[in-house]
1. Go through the residues of region 131-144 one by one and say whether even a single one is open to solvent by 10 Å² or more (accessible area, probe 1.4 Å) and under 27 Å from L28 (Cβ atoms).
2. Within region 264-284, work out how many residues are of a type in the set (K, R) and either surrounded by 23 or more Cβ atoms within 10 Å (Cβ to Cβ) or outside any helix (DSSP H, G or I) (or both).
3. I'm told P225 meets every condition in (1) more than 24 Å from Q334 (Cα to Cα); (2) open to solvent by 10 Å² or more (accessible area, probe 1.4 Å); (3) touching a helix residue (DSSP H, G or I) at 6+ places or on another chain (Cβ under 8 Å); (4) not in a helix (DSSP H, G or I) except one. Can you identify the failing condition by its number?
4. Do we find a residue being open to solvent by 70 Å² or more (accessible area, probe 1.4 Å) and without any contact (Cβ under 8 Å) to a residue 60 or more places away in the chain anywhere in region 378-392?
5. From (1) open to solvent by 60 Å² or more (accessible area, probe 1.4 Å); (2) charged (D, E, K, R); (3) in contact (Cβ under 8 Å) with a residue 60 or more places away in the chain, pick out the condition that doesn't hold for R421.
6. Exactly one condition in (1) part of a helix (DSSP H, G or I); (2) out of contact with any Lys or Arg (no Cβ under 9 Å at 6 or more places or on another chain); (3) open to solvent by 20 Å² or more (accessible area, probe 1.4 Å) is not met by I81; state its number.
7. Do you know which residues across region 29-50 are in contact with a helix residue (DSSP H, G or I) (Cβ under 7 Å, 6 or more places away or on another chain), under 19 Å from N90 (Cβ atoms) and of a type outside the set (V, I, T)?
8. Find all pairs meeting these conditions: Cβ atoms under 6 angstrom apart; at least six residues apart or on different chains; first residue within region 99-128 and over 30 Å from L315 (Cβ atoms) and modelled with pLDDT of 95 or more; second residue among the aliphatic types (A, V, I, L, M) and open to solvent by 40 Å² or more (accessible area, probe 1.4 Å).
Amino acid sequence: MTIAGRDGLPVYGLWIDGKAVEGAEPVLVRNKFTGEPMAWVCTASREDVDRAVSAAERSFRSRPLSPFERYEWLSAAATWIRARREELVNLLVDEVGKPHKDTVVEVDRAYHAMLLAAEEAKRIGGEVLPVDSIPGSERKMGFAIRVPLGVVAGITPFNYPFLLAVHKIAPALAAGNAIVIKPAPQTPISTLVLVQGLVECGGPPGHIQVIQGGAEVGQWMLEHPGFRFYTFTGSARAGERIKAGTGLRRVALELGNSSPNIVHSDADVVRAVRICAARAFSAAGQACISVQRLYVHAPIFDEFVERFVERVRDLKVGDPRDPKTDVGPMISEQDAVRAETWVREAVAQGARLLAGGTRDGAILEPTVLTDVRPEMKVVCEEVFAPVVTITKYNTFDEALAMANDSPYGLQAGLFTRDVGRIMRAARELQYGGLIVNDASTYRSDLVPYGGVKGSGIGREGPKYAIEEMTDLHVVIVDLTEEGEDR
């Protein structure tokens, strides 16, 4: 997808109508750890957005794919990902700054998500509707089928750019749609490489368009009448703008969170410490289901805190290319400064700093706070950084109330051996997902993934995303024969 060279670096174009094309003035993408330039990437104009949507609509209308053709295409793409695993991992380590071990997980999950979408392409069915059970409709038969929508708009964030591009593109194609995707401006290269791979695997190149740019380009996508569906992963604020701007068109929004994780006294404390200490700081805490708020039962609070802080201090911080590194840089120094400011503000308001809190460029040391209050930003807002708070609770009622005291509701974690407590939490915690005896960060790519409240609308996971990306058409057939009395 490169169109030229500049300053000894490749220049990536837009992907429109089956070819790489030059866009507006390119922007520089840098290695997130070293700061060294990686490539130039062209940005889109409003006219480019129009061209991309028109090309996608034209391809959708002129080259419909059968379910088996979609299956073959996406299966080949999954094989392509697996064959280039190491190459993709190295690219993502540099582009995102995520540690090598976390990036391996992302690429492997992307492979499975692509394969799942391929399999689901052959399973898109409908249902028989028992209309003849209603008096007066005895001679009628009803059924419903799912049909593709048309052109889908996909917008992805910087934190899992490859995996989340798969979660937008693969279900859209599996459903029979075309898609225009806009990756985050900080991490566009991996999406361009993914689309190049899909094109190499033999599907209609016009079914996928890639445009790059920031919020302005996203706004042009929002205003374009040619999109039938918007799928977005990002901040709650941006999600609200999309929801307000799409009118009657449907959306799937996977937004922010400030994940609570409850550790009760009957849990395996050592295991809970090990899991939470790792998952709070993987990807430098830049995951919407990252462990952010820990609520620990009073009888084990002191032991948990001591073990947790000890574990955190043993984490290796630094070069994400080192396979032993646990915590790398945040996506930018600006984001690290913002998180550091929130930590300092909490300490000034009475929070106690148990570990971390220091910053070197874009690297923020894994930070642990206690004695926090609900109104502090590190508690009530999404930190999206390697920062975790630990709060003591006395009763399970109190733990549930504190966990629910949030505008968000994506996923929560609960460590306990008590089945009754688990079932109560499943009913009362206001979250789209509850992970029991593992951290809130667990995600299987085949389950319905999404939140409630301020964490979004709709569900991801290929099967469920395909349902979101198709229309249900109802057909009623009157079987009355000629001359028969109705």
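The values are calculated or read from the model by the stated rules, or taken from the named source; none is laboratory data. Here the structure is a predicted model, which means the values were calculated and not measured. So basically every Cβ, Gly included, is an ideal-geometry build from the backbone, and we count neighbours across all protein chains shown. Side chains are part of the model used for accessible areas, which takes the heavy atoms of the whole protein and leaves out ligands, DNA and RNA. Shrake-Rupley method; radii C 1.70, N 1.55, O 1.52, S 1.80 Å.
1. no
2. 1
3. (3)
4. The answer is no; no qualifying residue exists.
5. Of (1) open to solvent by 60 Å² or more (accessible area, probe 1.4 Å); (2) charged (D, E, K, R); (3) in contact (Cβ under 8 Å) with a residue 60 or more places away in the chain, only one is false for R421: (1).
6. (3)
7. N31, K32, M38, A39
8. L116/L446
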